[in-house]
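The structure appears below as C-alpha cells.
No lab work stands behind these numbers, since they all come straight from the coordinates. Predicted, not measured: the structure shown is a model, and the values here were computed from it. Here the Cβ is made from the backbone with ideal geometry for all residues, glycine too, and neighbour counts use every protein chain on show.
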Amino acid sequence: MKTNKLTIFLIVLMLCTSIFSQEKQNLSSLFISKELKENANAVVRLNELVITVEAVDQLTIKQKRIVTVLNKLGKDHIDAYKHYNNDTKITRLSAIIYDALGNKVKKYSKNDFQDVSTIDGGTLYSDSRVKFLEHTPTSYPYTVVFESEEKNSSTGFIPKWLPIENYYLATERSVYIINNPQNIPFRKREKNFNGFSIKNSSTDTNLNYVLTNQQAIKPEHYTLNFEEFVPNLTIALNQFSLKNIKGKASNWKEFGKWRYEYLKNGNDIVSESIKSEVNNITKGIKDPILKAKAIYSYMQNRTRYISVQEGIGGWKPIPANKVHELGYGDCKGLTNYTKALLDAVGVESHYSVVWAGSAKKNVYSDFSSMQGNHVILNIPNNGNDIWLECTSQTMPFGFLGDFTDDRDVLVITPEGGVIKRTPAYINKDNLQVTKASIKLLPEGSISAQLERKSYGTQYDDKYHIENYTQKELNKHYKTDVWSYNNNLEIEDIKHVNNKEKIEFTESLNIKIEKFATVRDSSYLFKLNVFNRITGVPKKYRNRQRSLEIERGFTDKDEFTFSIPQGYTLTTFPENLNITNKFGTYSIRFEKIDDTSFKYIREFSLLKGIYSKESYEAYRKFRKTVTKYDNLRTELTKL
C-alpha cells in the first residue's frame, strides 16, 4: 500500500514538473522561432479575445495576451491597458512579467495598474478612464502575460479583429471568438483574408477565427494604409444598445433612420430669439447657399472647439441651445448647432459621420455599423453638395482640406442613412505657384522678392501660418520651408488669406548671404532657390506592396534672375521635359536681355495606385527631379 502511494506521488510530481517545464518553455523567448524574430521588436505569443453576447445590452469580453518584448522598441506592443467608463466595468485585470528563460519576475494585480482620466487639454468633459500597466524592465527580452475581463452594457461597438496589429510585430497565435447564446442576428465583414494563415471554424451562431505564425511586416514608403492590406474582421449586431438606447438596423438606411429618430431627441431645437437673430442676418438673401455662407460665418465668429466625450459613446451632441449659450462645443455639438441654425433659416443640411485624418479611410459603404471618429455637415446642392467643417473658426466655407476629403461618409437624413463621398483634392487642384525676382549680388549673396500662391491641400497646409508670431514665422521659413538655404534672412512678410478664392498668398523679401561660390572669374550658383526637392524615396531590394500616390499636386515656379554687373551667362543649361504615368517634370530657360534671364520649372505628381514593380521607376523619376533641382550654372566675368 505504501509502495502504491509512493508511486502515485512520484507520478503526480513528475506530471506537475512536466507541466511547469512546459509553461516555462512556452514563456521563454528561447523557443520563439528564428522566422518570427526576424524584423520583429516584439512577438505576440498569444492574443485571445473571447466576446460573449449575453443580451442585446450586455457584453462580456475576456482577453489573454502574451507578448515577448525583444528590445526597447517592442514595449509599445505590450498593450496592457483597458479603457472604462459608465458603461464598461473592468471585473478582472492582472499582469505577470517573465524573464527570458520563462521565470516569473513580478506580478501586478488590478490595483497595481495606473488609473488616469483620458481627458486632454482640449477636452471639457469625459467619462472615460484607462487603467494601464507601467513596468520598467531590467533586461531584454522579457514576456508579459496580461489578462482582463470587462462587462459592457453598450453592444453597438463589438471589438474588431485585427490579428496583425502593427509593423515590426510578429504573431504566433491570435484567436477571436464570439459566443452568441441568445442567437441575436449579426453580420460580419471579412477583409484581406486571402494569403494569410487563418483558420475559420465558425458556426451560424458563433465565430471562431485563428491566425498563426505571422512574421513581422516592415513598413514601406508610398504605399497603402496598413488596414488596407492586413486581415480585419468587423462584426455588427442587428439589435443593439448604446447608452441604454436600443437600436435595430441591418443596413445603412435603417441605421441612419435610428440615428435620426432616437439620437436627436430635441437636441436640434433653438430658441425663438436665436431664430429671430439668424433670420435677421439672412434677411433679403434668396440663394440658400449664400444663406448657408452667412450662417457659417456667424457660427465661426461666436464659437470655439472643445472636445466633449460625454453622451452616447461620444456620438450624441449636446443641445444646440446649450452650444449657443456657452459659445463652444465638440464636432458633434458644433455640427448639430450649425444644422439647427440652417434649419431656422430654411436651408436643408445633414449631420454626417466620417473617419477623419490625413490618411484617408472610408466608412464601409457595404456594411452598416458604428463607424467614424468625426462629424461634418452636408448641404445638398443639386448634385454638387457642399460640405462644412464646423470645428474650425478659420476654414473657408465649403472647404474641407485633407482631414476629411475624398472618402465615403455616412449622411444622416430623415429618410435614413446614405453613403456619399466628400470632394477630392487631387493633382492640379493642389497647386502652388511661386514667382520670384532674384538679384545676384557681386559678393555672392542674393536679395529676392517672392510671391507664392497656394490652393487645395497646399492651401490647407499653409493658411494657418497667418496666425504665427514673427518669431514663429522666421523659424517656419528658415527651418521647415528653406532649410537647405544657409544664411537665409526674412526681411519682410505679408500674408493674404482669400477665403473666397480659397487662395493663400505669401509675399516675402529675402536675403541669403554667401549663396553663390565666387572665385576669380567664376560665379557658381544653384538655380532652384525656393522650391528644391532634396530627398530621394528609399530603395527597396524586394518591394512587397503597391505604390500609392495619395493625392498628387502641381508646383509651378518662375524665377527671374538679375546678373551682377561685370558678369555674363554665356550658355544656358539644356531644357528638360519628362512626362510619365507618375507625373511631369520640366525646366526651361528664357533669356530676357544681357543682364537677366528666367528659370521656369513645373513638377507634378498624379494620384494613383501602381504595381510594386513600378516603384523603382517612380524612384528613378524622383531621383532625376532631385538631381535637376540641384542644378548649378556659372557666370563668367566679362
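One entry in (1) 26.2; (2) 38.1; (3) 30.8 is mean projected area of the Cα convex hull in nm² calculated from the shown coordinates; its label is (2). Applying 1/(1 + (r/R0)^6) with R0 = 22 Å to the Cβ-Cβ distance of Lys439 and His495 gives a FRET efficiency near 0.40.
The stretch 466-532 and the stretch 342-373 have Cα centres separated by 39 Å. Averaging the Cα positions of each part gives two centres, and for the stretch 185-207 and the stretch 586-614 these lie 50 Å apart. Under 5 Å from the amide H of Lys106 lie the amide H atoms of Ile97, each residue being 5 or more positions distant or on a separate chain, with H modelled from the backbone and absent for Pro and chain starts. The trypsin sites (Lys or Arg not before Pro) of the stretch 220-291 that meet both conditions, a loop assignment by DSSP and at most 11 other Cβ atoms within 10 Å of the site Cβ, are Lys283, Lys286. For Ser596, the residues 5 or more places off, or on other chains, whose built amide H falls under 5 Å of its own are Ile563. Spherically averaged projected area of the convex hull of Cα atoms, the stretch 198-356: 14.2 nm². Considering only alpha-carbon pairs that sit under 8 angstrom and 6 or more positions apart, the relative contact order computed for the chain is 10 percent. Translational diffusion coefficient of the stretch 427-637 (Stokes-Einstein, Kirkwood radius from Cα pairs, 25 °C, 0.890 mPa s): 132 µm²/s. Computed 3J(HN,Hα) for the stretch 326-336, one whole-Hz value per residue from the Karplus formula 6.51 cos²θ - 1.76 cosθ + 1.60 where θ = phi - 60°, is 7, x, 8, x, 8, 4, 5, x, 5, 5, 5, glycine and proline marked x. Counting only residues at least eight positions apart within a chain, or on another chain, the lysines with an alpha carbon under 17 Å from that of Lys420 are Lys253, Lys257, Lys360, Lys361. Computed from backbone phi with θ = phi - 60° and the Karplus coefficients 6.51, -1.76 and 1.60, the 3J(HN,Hα) list for the stretch 86-96 is 5, 9, 10, 10, 8, 9, 8, 7, 7, 8, 10 Hz; x is used for glycine and proline. Net charge of the neighbourhood of Ala236, taken over other residues with C-beta under 11 Å away and scored Lys/Arg +1, Asp/Glu -1, is +4. Evaluated with a Cβ-only charge set (Lys, Arg +1; Asp, Glu -1), the stretch 32-242 carries a dipole of roughly 460 debye about its Cα centre, given to the nearest 20. In loop segments of the stretch 126-162 as defined by DSSP, the GluC sites (Glu not before Pro) with at most 15 further C-beta atoms inside 10 Å of their C-beta are Glu134. Between Cys390 and Leu377, the built amide H atoms are under 5 Å apart, and every one of these is 5 or more places off in sequence or on another chain. Rounded to the nearest 500, the 222 nm mean residue ellipticity of the chain from helices alone is -5500 deg cm²/dmol, with -39,500 (n - 2.57) taken per DSSP H run of at least 4 residues.
Compute the Cα gyration tensor for the stretch 152-276, then decide on rounded, prolate or oblate, letting a ≥ b ≥ c be the square roots of its eigenvalues: rounded whenever a/c is under 1.5, prolate when a/b is larger than b/c in the other cases, and oblate in all that remain. Note, shape of the stretch 152-276 comes out oblate.
Taken one residue at a time, the phi angles of the stretch 364-376 give Karplus couplings (6.51, -1.76, 1.60, θ = phi - 60°) of 4, 6, 9, 8, 7, 5, 5, 9, x, 10, 7, 10, 10 Hz. Gly and Pro are set to x. In this simple spin-label model, placing a label point 7 Å from the Cα along the Cα-to-Cβ direction at both Asn251 and His464 gives a separation of 4.1 nm.
Other residues lying with their Cβ under 13 Å from the Cβ of Asn542 contribute a combined charge of +4, Lys and Arg counting +1, Asp and Glu -1.
Net charge near Ala294: determine it from the other residues with C-beta under 11 Å of the C-beta of Ala294, scoring Lys and Arg +1 and Asp and Glu -1. Within the 11 Å Cβ shell, the charges total +2. Once the Cβ-Cβ distance of Lys104 and Asn71 is raised to the sixth power relative to R0 = 25 Å, the FRET efficiency obtained is 0.70.
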